[in-house]
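First up is the structure itself, then whatever we jot down about it.
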Amino acid sequence: MAYVKAFLVGGFLCAIAQAAMDLTKANPAIIMVSAVSAGAVLSGLGLYAPLVEVAGAGATIPLPGFGHTLVTGMMEDAAQWGLFGILTGGFKAVSAGLLSAVLFGYLMAVLFNPKG
Amino acid sequence: MEFHRRGTSTCVFQEMPVLVSAAAVVGPREGEGPLGDLFDMVYSTTLLGETSWEKAESKMLRQAVDLALAKAGLEESQIDFIIAGDLLNQIISSAYMAREYDIPFLGIYGACATMSEGIGLGAFLIAGRFARYVVAASSSHHDAAERQFRYPTEFGHQRPPTGQWTATAAGAVVLGAQGKGPRVEAVTIGRVQDFGISEPNDMGSAMAPGFADTVWRHFQDMARQPEDYDLVISGDLGNIGSMIARELLRRKGIAIDDRHQDAGVMLYHPSPEVGAGGSGCGCVACVFSGKLWKELYNKQYGRILLVATGALHSPTSCQQGETIPCVAHAVSIVSG
Amino acid sequence: MTKANIREQEAYSVFLEDFRPKRPTFRNIVVAFFTGGMICAVGQGVLSYLLSGSMPEKQAYALTSSVMVFLGAFLTGLGVYDKLGIFAGMGAALPITGLANSVVSPAMEYKREGFVLGVGARMFQVAGPVIVYATLAATIVSLIKLYVF
């Protein structure tokens, strides 16, 4: 059941992004930027956490999940340290994703060449 | 002094320069296309055994020039000018090609209109008796253009159906004062047209007015009808741009529908990846050099109008939201 | 002057309406749904596996995104992910595997310009803006949550 929920919610988020791209004719970079920002806003409104509750990876793997994780991290530290927590909490929460992107990105660039 | 101009934009040759030979070199996707068998050389990879797309493009261009010279039976020392252009910044493919030859070099930029601009300028040099033989060549490379104008080649993104596929191809022709082969009868140099299109994935719409204007001026200046030409060939309007261009011309009272073909549409089998058709300096260059030159040489056509159209934007101008200026140059070629 | 004036430009843009092909929006949305859904289901598989051990939830989520980034990066290196992107659009771009694709593709592409100004400088050509705006949005949202509510 967890798989079905992840599939449905993840697919739904991608379908919305696709619809936004086709209807606004915006380029993919703008849609990706909008999606993470929307994730942060939904998280702030308290709407994203229930989605993660239901769909697990289906909500955290798409980019809005990245915005949500940032906000969650910031708020966690802010609960303890106030304003200072916003500075320390954000990147701590997304560290795994970011560090992997740098490390694996670099590794693949060393190992492979573009095929065109 | 007697001038050889007619009307607003057309130069007519009293002694017609001859297109002595032509050669086309293409990449794998072009080789698998409908015209695949007509090209002189088809590469099975897009890197051509080089270490970068840019080097690969320059190699293709060099080979097209070598083949054209060999077919004409001419030595490097007999060529008075080499005129070439491509899509890459500072036309590096052409410059790196030209450093391999001991021939005076003129680099030109006309985007996809480069081939007809080069043939036109070469014809002027010969008609003005400044040259016996001139080589005109141009090239483009899909991946090199992709990374310069759009995204890195491995970035996965969908293009809209109006998008065009930059051809991995090069073409070269040798123009001579005399000899056997198709002859350049007249050249109409186009004016830059800009109808406010700013979407680089919709170049057909941007270039159609330039094409229509140049073709209209050519017919006006020469006092001719579409029936005087067996073929009007546009250089890379794509299938959507072609429909727009025909309609624009129809509104000016010129119906070319039954004799118009587009090099970008001819080069590929339709697919979502190719979109509206091929584009790039190499597209019309390889279609002309590989197909049309031979057909003219074999007298399959009496007279054709080659109209290459170029979108003269840059990545910078597009990102800054500027509209796309476009130009088209027409070359009237008679068989023989 | 051959640049069309505003009136001519507008007339041309109206004229173009008849020729503009429709994007296959319905097909694109369906394909994006299924592809994106499948990628998330794979992610869920990784997550479930990690959670079935003794890993705390927070670590499991973080490691899942790390595994998915690796998969996206590896498939880009093999030259597969760009094909998936052409096929599925946002279905391939929106999951974090797509973010990995947007990091690896310029990193490979600009290797020819060297490892510092090529790979290093260009790696975040597309992912950079995503991270910048995610950070800005998250900070603003957090500030509002902290001081307004």
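Computed quantities for the displayed model
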| read-out | value |
| --- | --- |
| Any hit, region A:77-91, residues being out of contact with any Lys or Arg (no Cβ under 8 Å at 6 or more places or on another chain), of a type in the set (D, E) and more than 8 Å from every other protein chain (Cβ to nearest Cβ) | no |
| Test: B:K299 is within 23 Å of B:Q14 (Cβ to Cβ) and surrounded by fewer than 17 Cβ atoms within 10 Å (Cβ to Cβ) | yes |
| Flag if C:Q59 is within 14 Å of A:G97 (Cβ to Cβ), touching a helix residue (DSSP H, G or I) at 6+ places or on another chain (Cβ under 9 Å), free of Cβ contacts under 8 Å to residues at least 12 places away in the same chain and more than 14 Å from chain B (Cβ to nearest Cβ) | yes |
| Candidates B:E146, B:E117, B:E76, B:E100 - the one that is in contact with a Lys or Arg (Cβ under 8 Å, 6 or more places away or on another chain) and either under 24 Å from B:E50 (Cβ atoms) or touching a residue at least 12 places away in the same chain (Cβ under 8 Å) (or both) | B:E100 |
| Number of positions in region C:62-87 that are within 7 Å of another protein chain (Cβ to nearest Cβ), under 27 Å from B:R159 (Cα atoms) and in contact (Cβ under 8 Å) with a residue 12 or more places away in the chain | 10 |
| Odd one out for A:M1 among (1) more than 7 Å from chain C (Cβ to nearest Cβ); (2) in contact with a Leu (Cβ under 6 Å, 6 or more places away or on another chain) | (2) |
| Search result, residues across region B:315-335 that are assigned to a loop (DSSP other than H, G, I, E, B) and surrounded by 15 or more Cβ atoms within 10 Å (Cβ to Cβ) | B:T323, B:I324, B:P325, B:S335 |
| Some residue of region C:114-124 being more than 7 Å from chain A (Cβ to nearest Cβ), basic (K, R) and surrounded by fewer than 18 Cβ atoms within 10 Å (Cβ to Cβ) | no |
| Residues (within 14 Å of chain A (Cβ to nearest Cβ), buried (at least 19 other Cβ atoms within 10 Å of the Cβ) and not aliphatic (A, V, I, L, M)) located in region B:1-51 | B:G27, B:R29, B:E30, B:Y43, B:T46 |
| Residue list for region C:1-39, restricted to those being in a loop (DSSP other than H, G, I, E, B) and more than 11 Å from chain A (Cβ to nearest Cβ) | C:M1, C:T2, C:A4, C:N5, C:E17, C:D18, C:F19, C:P21 |
| Test: residue in region B:275-294 that is surrounded by fewer than 20 Cβ atoms within 10 Å (Cβ to Cβ) and either more than 27 Å from B:G31 (Cβ to Cβ) or in contact (Cβ under 8 Å) with a residue 40 or more places away in the chain (or both) | yes |
| Selection status of A:A78, free of Cβ contacts under 8 Å to residues at least 40 places away in the same chain, surrounded by fewer than 24 Cβ atoms within 10 Å (Cβ to Cβ), of a type outside the set (F, W, Y) and at negative phi | yes |
| So B:L305, is it in a strand (DSSP E or B), aliphatic (A, V, I, L, M) and surrounded by 15 or more Cβ atoms within 10 Å (Cβ to Cβ) | yes |
| Matching option when the condition is more than 8 Å from chain C (Cβ to nearest Cβ) and out of contact with any strand residue (DSSP E or B) (no Cβ under 9 Å at 6 or more places or on another chain), among A:V52, A:V36 | A:V52 |
| Qualifying positions in region B:236-260 - outside any helix (DSSP H, G or I) and closer than 20 Å to B:G282 by Cα | B:D236, B:L237, B:H260 |
| Residue list for region B:178-203, filter: under 26 Å from B:V25 (Cβ atoms) and either modelled with pLDDT of 95 or more or away from every other protein chain (no Cβ under 14 Å) (or both) | B:G179, B:K180, B:G181, B:P182, B:R183, B:V184, B:V187 |
| Single match in C:S48, C:S105, C:S142, C:S65 (criterion: in contact with a Gly (Cβ under 6 Å, 6 or more places away or on another chain) and among the small types (G, A, S)) | C:S65 |
| Single match in B:A127, B:A123 (criterion: more than 30 Å from A:M21 (Cβ to Cβ), surrounded by fewer than 24 Cβ atoms within 10 Å (Cβ to Cβ) and touching a residue at least 60 places away in the same chain (Cβ under 8 Å)) | B:A127 |
| Out of A:L99, A:L103, A:L45, A:L107, sole residue that is aliphatic (A, V, I, L, M), over 14 Å from the mean Cα position of the chain (by Cα) and farther than 22 Å from C:G43 by Cβ | A:L45 |
| Selection from region C:40-53 of residues that are within 8 Å of another protein chain (Cβ to nearest Cβ) and either surrounded by fewer than 19 Cβ atoms within 10 Å (Cβ to Cβ) or touching a strand residue (DSSP E or B) at 6+ places or on another chain (Cβ under 8 Å) (or both) | C:C40, C:G43, C:G45, C:S48 |
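Listed here are the residues, each with its yes/no results for (1) over 22 Å from C:M68 (Cβ atoms); (2) buried (at least 24 other Cβ atoms within 10 Å of the Cβ); (3) of a type outside the set (D, E); (4) in contact (Cβ under 8 Å) with a residue 24 or more places away in the chain.
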| residue | (1), (2), (3), (4) |
| --- | --- |
| A:K5 | no, no, yes, yes |
| A:L23 | yes, no, yes, no |
| A:V41 | yes, no, yes, yes |
| A:G46 | yes, no, yes, no |
| A:M74 | yes, yes, yes, no |
| A:F84 | yes, no, yes, no |
| A:T88 | yes, no, yes, no |
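The values are calculated or read from the model by the stated rules, or taken from the named source; none is laboratory data. For clarity, every value in this text was computed on a predicted model and none was experimentally measured. Using ideal geometry, Cβ is built from the backbone for each residue, glycine included, and neighbour counts are taken over all protein chains shown.
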